[in-house]
Amino acid sequence: MSRVLIKGGRIVTAVDDYVGDILIENGKIEALGRELTADDAKVYDVNGLLVMPGGIDAHVHMETPMGNGVETCDTFESGTRSAAFGGTTTILDFAQQFKGDSPKAALERRLASAEPQCCIDYGFHSILTDVNDASLSELPDMVNKEGVSSFKLYMAYPDVLMVDDADIYKTMRKVGDHGGMVNLHAENGVIIQALIEEALAAGNTSPKYHQMTRPQLMEGEATHRVIRIAELAEVPVYIVHLSAKEALDAVVEARDRGIAAFAETCPHYLFLDSSEYERPGFDSAKYVMTPPLRDHDCQEALWRGLKFDDLQVVSTDHCPFCFNEKAHGILKSKQLGIDDFSKIPNGAPGVEFRLPLLFDGGVNDGRINLNRFVQVMATAPAKMFGLFPRKGTIAVGSDADLVLFDANETHTLSAASHHSNVDYSLFEGRKVTGKVKKVFLRGNLIVDGDEWLGHAGMGQYQKRSASGQVM
Ligand code: URP
Ligand code: ZN
């Protein structure tokens, strides 16, 4: 029986804030209290540090094939190690069905890659790209046996990932019948495709046209449309990587009417804006992610949404491609689109910097309080995706996934010191106050300052409950 005693930290959950001790036994929280003792326990005195639930990043893309051999540059191993250094102890990645493929087979493939490599706990959302009777018939088992209770659909990328409104509706009905959640990439893909063709025909090939061909209005339109479809299908809907105030308006309007509409945003939309596309040369390809960075005034709207619970979750959409070809080869690099913005692999890194950024810009700058910080980075994703109360909180019986955080230490975010395979950071040189000091995964110390104590394969697959406690 292994026991760990964490003494004297400031324990912060989505609702609590007190100084106390945590006794961990066999990876679970056994007791919470003051002046706890345990003779045989390994003791950590963490006076002065915040002790919070390990982060849950509900949207990442590790070693993800994008077609034609293009793949994100973090493996499950490098990406989850990087996540751990950033205070995240659970990721939710994706198992993508290809055309003619089975969702269950897609899950099996991802499990086989993830299992020997993941350094933190992990689960998968299922991506459906081929909605038909055969694939829909697998959904009940996916929810009830495989622990996959959320299904992602794309309204963008025609001919590759996009499904039409009828398929969205059919999937929603099936998922709703089995207590699951439907996640939507909400952008009007058909209009965007027309805009891309127009831009290329006019000879506009530079990265800034990625942003100019994906207008905020078309994210707003798709978000409004899909929430209405979900309303008809009577299923909870979760909008991924919401970036535009027009999309947030659609979520707010629906929530005000009592519709189960939820959304996440990402650090890059909270901290960066479309002025990054004015960078000289090809450098702005680093900021080619979908949706693109938005007008500056979207940022305050997103912060307000986070504060008042119109946005429930902050995830990273970590989808890393190196800037330079040299690092991991052309197929994992932005250089693929040097002559044509539409060929730049869409996606940006960020899995390691979510907590420090959100703490600094959210808590230190007075936009959200400390409990809300824990809520959006851990508790809400745990509840939304069927991991709570095993994960996402500090309570007797919960997994001892903990991040110990120094609220006062200032440090500089940089690709020179992060642990991802990717060769740049969106936040290069940004100074933030609030630093991850120690991370425990089910009671095992895996990060101790700059030292890595975890190992590949120690992450466990998390079967998620269908009853995802929707807020
Ligand atoms: O740019 C992003 N988000 N890449 C991942 C694929 C997608 O668009 O969801
Ligand atoms: Zn994504």
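The values are calculated or read from the model by the stated rules, or taken from the named source; none is laboratory data. The structure presented is a predicted model; accordingly, all values stated were derived computationally and were not measured. Reconstructed Cβ throughout: ideal geometry from the backbone, glycine too, with neighbour counts over all protein chains shown. Just the protein is used for accessible areas: all its heavy atoms, side chains included, with ligands, DNA and RNA removed. Shrake-Rupley method; radii C 1.70, N 1.55, O 1.52, S 1.80 Å.
Observations, loosely collected:
- For the criterion of being among the polar types (S, T, N, Q) and either over 30 Å from VAL363 (Cβ atoms) or over 29 Å from the mean Cα position of the chain (by Cα) (or both), THR37 passes.
- Among residues of segment 431-471 being farther than 30 Å from GLY386 by Cα and touching a residue at least 24 places away in the same chain (Cβ under 8 Å), the one that is most open to solvent (accessible area, probe 1.4 Å) is THR433.
- Restricted to segment 324-348, and to residues there that are within 16 Å of ligand 2 (Cβ to nearest atom) and in contact with a Gly (Cβ under 9 Å, 6 or more places away or on another chain), the residue that is farthest from VAL70 (Cα to Cα) is ILE344.
- Flag if VAL46 is of a type in the set (Val, Ile, Thr) and either closer than 22 Å to ALA407 by Cα or touching a strand residue (DSSP E or B) at 6+ places or on another chain (Cβ under 8 Å) (or both): yes
- Where strands (runs of 3 or more DSSP E) sit wholly within segment 34-133, those with at least 1 residues that are within 16 Å of ligand 1 (Cβ to nearest atom) occupy 55-57, 65-67, 88-96, 121-127.
Results for (1) outside the structural domain of LYS332 (by TED's automatic domain parsing); (2) assigned to a helix (DSSP H, G or I); (3) open to solvent by 40 Å² or more (accessible area, probe 1.4 Å); (4) within 16 Å of ligand 1 (Cβ to nearest atom), shown as yes or no for each residue.
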site	(1), (2), (3), (4)
ALA254	no, yes, no, no
PHE262	no, no, no, no
HIS268	no, yes, no, yes
GLU276	no, yes, no, yes
ALA285	no, yes, no, yes
PRO291	no, no, no, yes
ALA301	no, yes, no, no
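- First in segment 61-78 and of a type in the set (Gly, Ala, Ser), second anywhere and surrounded by fewer than 20 Cβ atoms within 10 Å (Cβ to Cβ) and part of a loop (DSSP other than H, G, I, E, B), Cβ under 7 Å, 6 or more apart: GLY67/VAL160
- Any chance PRO389 is at pLDDT 95 or above and within 16 Å of ligand 2 (Cβ to nearest atom): no
- Selected residue [at pLDDT below 95 and either surrounded by 13 or more Cβ atoms within 10 Å (Cβ to Cβ) or not assigned by TED's automatic domain parsing to the domain that holds LYS152 (or both)] from MET62, MET66: MET66
- Filter pass, PHE359 being in the same structural domain as TRP303 (by TED's automatic domain parsing), buried (at least 21 other Cβ atoms within 10 Å of the Cβ) and touching a helix residue (DSSP H, G or I) at 6+ places or on another chain (Cβ under 8 Å): yes
- Only residues that are part of a loop (DSSP other than H, G, I, E, B) and surrounded by 21 or more Cβ atoms within 10 Å (Cβ to Cβ) were counted across segment 1-33, and they come to 2.
- Exclusive hit being open to solvent by less than 30 Å² (accessible area, probe 1.4 Å) and not in a helix (DSSP H, G or I), set PHE388, PHE373, PHE405: PHE405
- Leading residue by the ranking (most open to solvent (accessible area, probe 1.4 Å)) among those in segment 142-197 that are in a loop (DSSP other than H, G, I, E, B) and closer than 20 Å to GLY123 by Cα: LYS145
- Any hit, segment 257-267, residues being more than 16 Å from ligand 2 (Cβ to nearest atom), farther than 21 Å from ALA382 by Cα and out of contact with any Gly (no Cβ under 8 Å at 6 or more places or on another chain): yes
- Residue check for HIS418: assigned to a loop (DSSP other than H, G, I, E, B) and surrounded by fewer than 16 Cβ atoms within 10 Å (Cβ to Cβ): no
- Output for segment 82-101, where each listed residue is open to solvent by less than 10 Å² (accessible area, probe 1.4 Å) and over 11 Å from the mean Cα position of the chain (by Cα): SER82, ALA84, GLY86, GLY87, THR89, ALA95, GLN97
- Qualifying residue in segment 219-234 (condition: hydroxyl-bearing (Ser, Thr, Tyr), assigned to a loop (DSSP other than H, G, I, E, B) and in contact (Cβ under 8 Å) with a residue 24 or more places away in the chain): no
- Looking only at segment 331-353, and only at residues there that are surrounded by 24 or more Cβ atoms within 10 Å (Cβ to Cβ) and basic (Lys, Arg), the one that is nearest to ligand 1 (Cβ to nearest atom): LYS334
- Under the condition of being within 24 Å of ASP283 (Cα to Cα) and either hydrophobic (A, V, I, L, M, F, W, C) or outside the structural domain of GLY189 (by TED's automatic domain parsing) (or both), the residues counted in segment 203-241 number 1.
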